[in-house]
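**Student:** This is the structure I want to talk about, given as structure tokens.
Rule-based calculations on the coordinates, nothing more; no lab input. Worth saying up front: this structure is predicted, and the values here are computed from it rather than measured. When we count neighbours, we look across all protein chains shown, and the Cβ atoms used for this are built from the backbone with ideal geometry, even at glycine.
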Amino acid sequence: MAKLIVSDLDVKDKKVLIRVDFNVPIKDGVIGNDNRIVAALPTIQYVIDHGGKAILLSHLGRIKTKEDEEKLSLRPVAERLSELLKKPVTFIPETRGTELETAINDMKDGDVLVMENTRFEDLDGKKESGNDPELGKYWASLGDLFVNDAFGTAHRAHASNVGIASNMPQTAAGFLMEKEIKFLGDAVDDPKHPFVAILGGAKVSDKIGVISNLVPKADHILIGGGMTYTFYAAKGMSIGNSLVETDKIDLAKQIMAEAGDKLVLPVDSVVATEFNNDAPHKIVDGDIPDGYMALDIGPKTIAEFKDILKDAKTVVWNGPMGVFEMSNYAEGTLEVGKALGDLKDATTIIGGGDSTAAAVQLGIADKITHISTGGGASLEYLEGKTLPGIAAISDK
Ligand code: AMP
């Protein structure tokens, strides 16, 4: 059933609590990349343009000590938001109490307020991350309506998403959440075929759930990155010093049996004597020789992957094809990214920080249909799991 969306609500004169994902990279008070703030703008703008009062809650990093609080205040984020919205934004350095309550009660229609990092509540018994019932109820009492636009935390049941929702008559999705659910949901439940999933990254254990869920749905599952060599080991091939998860070899065998020829493993690799960009390296077919580790997919694999991708109508990509942080092992990841950018008539979806970084590095981000803002959340969605933050959003 379709979810209730912020545009279904009458926000005029209402105090609208909005859970956003402002979990941006930040160092010494300087924001490294404001993509997540920009991604939350449509929902905030909608609420204020329609006469609502926008009260924003977000976490930022993890708070374990008092020193973390100094490094992870949302104040710089509120300042950046004010620049982006081109209007004043009130920042309250508290997560509860009289100062916050007074500031909320003084808000006029169209005003925006950001409260302090919700995880400051974690110092006192993990109240935010542990979804403390009293905290969710308290935050809910500060507003009239609740909108959840934080897809990046939707796989967690925290006080600021599920806790507030369970104390509100209705919870609506923001526009970013709506977009994430639409693109990932269509890919998983109603993909246009051929549907190709490209899965890479270091560990097979992180992607097992996704592979299992996509085997019956996808037409091809292309495997790259370090996890390839657990599959190689499962086939009885030699892997040299490549990454391997020995406790996942049986599972890899099981997946290969279920997937049959849908699962496409690299036929060649770039191998090096050490985990180092300057180490001697070469291209080998199949088995990885002793004394070498595989750090990227090879040119024959790139060609094969491109050939499969050219007819795709839906593509989901998560995880690099090699150690793309080192220039000598980046080609597989960059070529796959280029192939996605070149597709004309397909829905292309990227999830995960590394694949997104590769798309940005290639300058093809604007050619991708949807770049998910939530790494962990998008993986759990692709695994077919119910995300508590999404389950807590009301149906229409
Ligand atoms: P993940 O977080 O699981 O998506 O993994 C991303 C990391 O996997 C990146 O930092 C890559 O450098 C690393 N990676 C990809 N391919 C390999 C490989 N063949 N050997 C070792 N590390 C790899």
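**Student:** For region 193-345, what is the per residue volume of the convex hull drawn over the alpha-carbon atoms, in cubic angstrom? Each step should come with its number before you reach the end.
**Tutor:** Details: hull volume 14.1 nm³, N = 153.
With only Cα atoms used, region 193-345 gives 92 Å³ per residue.
**Student:** Using only the alpha-carbon atoms of region 334-396, report the extent along each of the three principal axes, biggest first, to the nearest angstrom.
**Tutor:** Projected onto the principal axes, the Cα atoms of region 334-396 cover 39, 24, 17 Å.
**Student:** Mind listing P(r) for the chain? All alpha-carbon pairs, 20 Å bins, whole percents.
**Tutor:** Here the calculated profile for the chain is 27, 50, 22, 1.
**Student:** Could you calculate, for region 6-175, the ratio of the Cα radius of gyration to the Kirkwood radius, expressed as Rg to Rh?
**Tutor:** Details: Rg = 14.4 Å, Rh = 15.6 Å.
Using only Cα positions, Rg/Rh for region 6-175 is 0.92.
**Student:** In addition: Rounding to the nearest 20 debye, state how big the charge dipole of region 263-396 is about its Cα centre with +1 on each Lys and Arg Cβ and -1 on each Asp and Glu Cβ. Intermediate results must be reported in sequence, preceding the final value.
**Tutor:** Numbers: 10 positive and 20 negative charges, 121 e Å.
With only Lys, Arg, Asp and Glu charged at Cβ, the dipole is about 580 debye.
**Student:** Between Ile31, Ile249, Ile371, where does the largest GNM mean-square fluctuation fall for the chain, given springs only between Cα atoms within less than 10 Å?
**Tutor:** The residue that fluctuates most here is Ile31.
**Student:** Next question. Cα centroid distance between region 272-334 and region 123-152, in Å?
**Tutor:** If you average the Cα positions of each part, the centres end up 43 Å apart.
**Student:** A further question follows. Return the long-range amide H neighbours of Leu263 (sequence gap of 5 or more, or a different chain), with a cut-off of under 5 Å between placed amide H atoms.
**Tutor:** HN-HN under 5 Å from Leu263: Ile221.
**Student:** Only Cα pairs under 8 Å and at least 6 apart count here; give the relative contact order of the chain as a rounded whole percent.
**Tutor:** Numbers: 863 pairs, mean separation 64.4, N = 396.
Once normalised by length, the contact order is 16 percent.
**Student:** Compare the Cα positions of Ser166, Thr386, Thr65 along the charge dipole of the chain (+1 at Cβ of Lys, Arg; -1 at Cβ of Asp, Glu; about the Cα centre) and return the one farthest towards the positive end.
**Tutor:** Of the options given, the answer is Ser166.
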